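Single-structure report; data block below.
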Amino acid sequence: MAQVRVRYFASLRERKGIEEEQVELLEGETLGALYLRLCPPIPGGVLPVAYARNLTYAGADEVPDDGDEISFLPPIGGG
């Protein structure tokens with residue numbers, strides 16, 4: 001099975017309590033499905049994120065390859 005390195009940023013890093021982890025992919029699993037598996041919805045819904053694959057923005061429907069680095073990037077607030 002394929003494995004990827006998943007990196008968490010901002011509020012996701014705080015929620016998960018880790019900066020990164022090695023994850024085994026399920027057959028045909030997309031970035032969007034991987035995100036929902038690793039970061040299930042919390043009360044109030046799913047935190048929207050941008051996806052990056054090997055340091056390039058990617059779509060939720062992309063299927064990562066073995067050895068890819070995946071990042072989940074939540075929106076950054078400020079004022």
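For the reader, a short list of remarks on this structure follows.
- Which numbered condition Ile70 misses (of (1) part of a strand (DSSP E or B); (2) more than 11 Å from the chain's Cα centre (by Cα); (3) in contact (Cβ under 8 Å) with a residue 40 or more places away in the chain): (2)
- Residues located in the stretch 48-67, provided they are free of Cβ contacts under 8 Å to residues at least 60 places away in the same chain and among the charged types (D, E, K, R): Arg53, Asp61, Glu62
- Subset of the stretch 1-47 that is touching a residue at least 60 places away in the same chain (Cβ under 8 Å) and among the hydroxyl-bearing types (Ser, Thr, Tyr) - its residue that is surrounded by the fewest Cβ atoms within 10 Å (Cβ to Cβ): Ser11
- Within the stretch 2-58, the set of residues being in contact with an Asp or Glu (Cβ under 9 Å, 6 or more places away or on another chain) and at positive phi comprises Asn54, Leu55.
- Residue match in the stretch 19-32 (condition: part of a helix (DSSP H, G or I) and aliphatic (A, V, I, L, M)): yes
- If the condition is being over 18 Å from Leu55 (Cα atoms) and of a type in the set (Lys, Arg), then the stretch 1-20 contributes Arg15, Lys16.
- Total residues in the stretch 48-58, condition surrounded by 11 or more Cβ atoms within 10 Å (Cβ to Cβ), assigned to a loop (DSSP other than H, G, I, E, B) and over 10 Å from the mean Cα position of the chain (by Cα): 1
- Residue selected from the stretch 60-79 under the condition exposed (fewer than 14 other Cβ atoms within 10 Å of the Cβ) and in contact with a helix residue (DSSP H, G or I) (Cβ under 7 Å, 6 or more places away or on another chain), by the criterion farthest from Arg5 (Cα to Cα): Ile76
- Scanning the stretch 1-44 for residues that are β-branched (Val, Ile, Thr) and at pLDDT 95 or above returns Val4, Val6, Ile18, Val23, Thr30.
The values are calculated or read from the model by the stated rules, or taken from the named source; none is laboratory data. None of these values were measured; they are calculated from a predicted model. Quick reminder, even Gly has a Cβ in these numbers, built from the backbone with ideal geometry, and neighbours come from all protein chains shown.
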